[in-house]
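*Asks:* Supplied in structure tokens, the structure appears directly below.
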Amino acid sequence: MEELPKPVSADHDPRGAKRTYPSGLPPAHSRGSRHADRIGLSVSTKSRRYDNAKRTHQSDERRVLVLDSALEIFLARGFKATSISQIATNAGVSTGLIYRFHASKKALYEAVLERVLKGWSEDVAAATQIDSPSGLARIRAIFDANLRYASDHPDYYELLNSRSVDLMSGWSGLLDDMDRSSRRQICRIVEYGIERGEIASTPPAHQIAGIISTLILSYIDRIFRATHLGKEFDWDEAAGALEVILKGIRK
């Protein structure tokens, strides 16, 4: 009886000669695929994508944990007296993890400050979403929201005080960015008030915004200083100062 030809396996070339590999074994991907086929499984990347997403989520959570812990320690001890190891102990993580996220203590401090200012801006933006269509009412809302936030977070005084950190580069730029953002927001409201006919067109909107923004920063500083010295802040005086400006720009 004529012998039937043998089927060609993956380890043989079409001419029937057995393939040879430098290591004596087939490539790993070939072995894995054949093993998966034998046990009835298919190779999928879905689980890998899930694992990557899970690791990213865990990394984000640890990053927030580090920032929260750093804020707590910086507020309690100040920049100079705080060490990365103290922050790591407070957060329950290794110092290596912190250095993985932030190159230095200064970089971590700046990240904490950036997060504080972002939260401040978001809080003010939310507080100014009022029902009143009046531009003047919205200016009052911005003024009040900024001062209330400063009053509710008196411990931020040292964090934002330039004299509390030596050779701190970049953080003052964050404050400038916040001031510019506030000016743009106020300027848009003033322009809105001009369009509605309730605010005079002179002086220009950007000048009015600059005056109001400067007033806000001035009273924020007064709130911090009053709290730091254990004194009462005069809210009526602050409201009166704003009304003087609004009276001057009202059409």
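The values are calculated or read from the model by the stated rules, or taken from the named source; none is laboratory data. Everything numeric here is computed off the predicted structure, so don't read it as measured data. Note that we place each Cβ from the backbone using ideal geometry, even for glycine, and neighbour counts take in every protein chain shown.
*Asks:* Out of everything in segment 227-238 that is closer than 18 Å to Ala145 by Cα and in a helix (DSSP H, G or I), what residue ends up being modelled with the lowest pLDDT?
*Replies:* Per the criteria, the residue is Thr227.
Residue-by-condition table, conditions (1) part of a helix (DSSP H, G or I); (2) under 29 Å from Lys118 (Cβ atoms):
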| position | (1), (2) |
| --- | --- |
| Ser181 | yes, yes |
| Ser201 | no, no |
| Ala209 | yes, yes |
| Ile212 | yes, yes |
| Ile220 | yes, yes |
| Gly240 | yes, no |
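*Asks:* Condition (residue is closer than 27 Å to Glu72 by Cα, surrounded by 13 or more Cβ atoms within 10 Å (Cβ to Cβ) and either modelled with pLDDT of 95 or more or in contact with a Cys (Cβ under 7 Å, 6 or more places away or on another chain) (or both)) applied to segment 167-176: is it met by at least one residue?
*Replies:* Looking through segment 167-176, none of the residues is closer than 27 Å to Glu72 by Cα, surrounded by 13 or more Cβ atoms within 10 Å (Cβ to Cβ) and either modelled with pLDDT of 95 or more or in contact with a Cys (Cβ under 7 Å, 6 or more places away or on another chain) (or both).
*Asks:* If you don't mind, there's one more thing I want to ask. Filter segment 80-108 for residues that are in contact (Cβ under 8 Å) with a residue 40 or more places away in the chain and farther than 21 Å from Ser59 by Cβ and give the result.
*Replies:* Result: Lys80, Lys106.
*Asks:* Let me ask something else. Which pairs do you get when a residue that is at positive phi, found in segment 203-230, comes within reach of a residue that is part of a helix (DSSP H, G or I) and buried (at least 20 other Cβ atoms within 10 Å of the Cβ), reach meaning Cβ atoms under 7 angstrom, with the pair 6+ apart or on two chains?
*Replies:* Close Cβ pairs satisfying both conditions: none exist.
*Asks:* Which residues, taken from segment 124-162, are assigned to a helix (DSSP H, G or I) and over 19 Å from Cys187 (Cα atoms)?
*Replies:* Those that are assigned to a helix (DSSP H, G or I) and over 19 Å from Cys187 (Cα atoms): Arg148, Tyr149, Ala150, Ser151, Asp152, Tyr156, Tyr157, Glu158, Leu159, Leu160, Ser162.
*Asks:* Going residue by residue through segment 131-154, is there one that turns out to be surrounded by 18 or more Cβ atoms within 10 Å (Cβ to Cβ) and either modelled with pLDDT under 90 or not assigned by TED's automatic domain parsing to the domain that holds Gly197 (or both)?
*Replies:* Looking through segment 131-154, none of the residues is surrounded by 18 or more Cβ atoms within 10 Å (Cβ to Cβ) and either modelled with pLDDT under 90 or not assigned by TED's automatic domain parsing to the domain that holds Gly197 (or both).
*Asks:* If a residue has to be over 27 Å from His228 (Cα atoms), aliphatic (A, V, I, L, M) and part of a helix (DSSP H, G or I) to count, how many in segment 75-107 make the cut?
*Replies:* Residues that pass the stated criteria total 4.
*Asks:* Please list, ordered by first then second residue, the pairs with beta carbon atoms under 9 Å, 6 or more apart or interchain, first in segment 134-145 and among the polar types (S, T, N, Q), second not in a helix (DSSP H, G or I).
*Replies:* Ser134/Glu198
*Asks:* Does segment 198-208 include one or more residues that are buried (at least 20 other Cβ atoms within 10 Å of the Cβ) and under 30 Å from Glu158 (Cβ atoms)?
*Replies:* Among the residues of segment 198-208, not one is buried (at least 20 other Cβ atoms within 10 Å of the Cβ) and under 30 Å from Glu158 (Cβ atoms), which makes the answer no.
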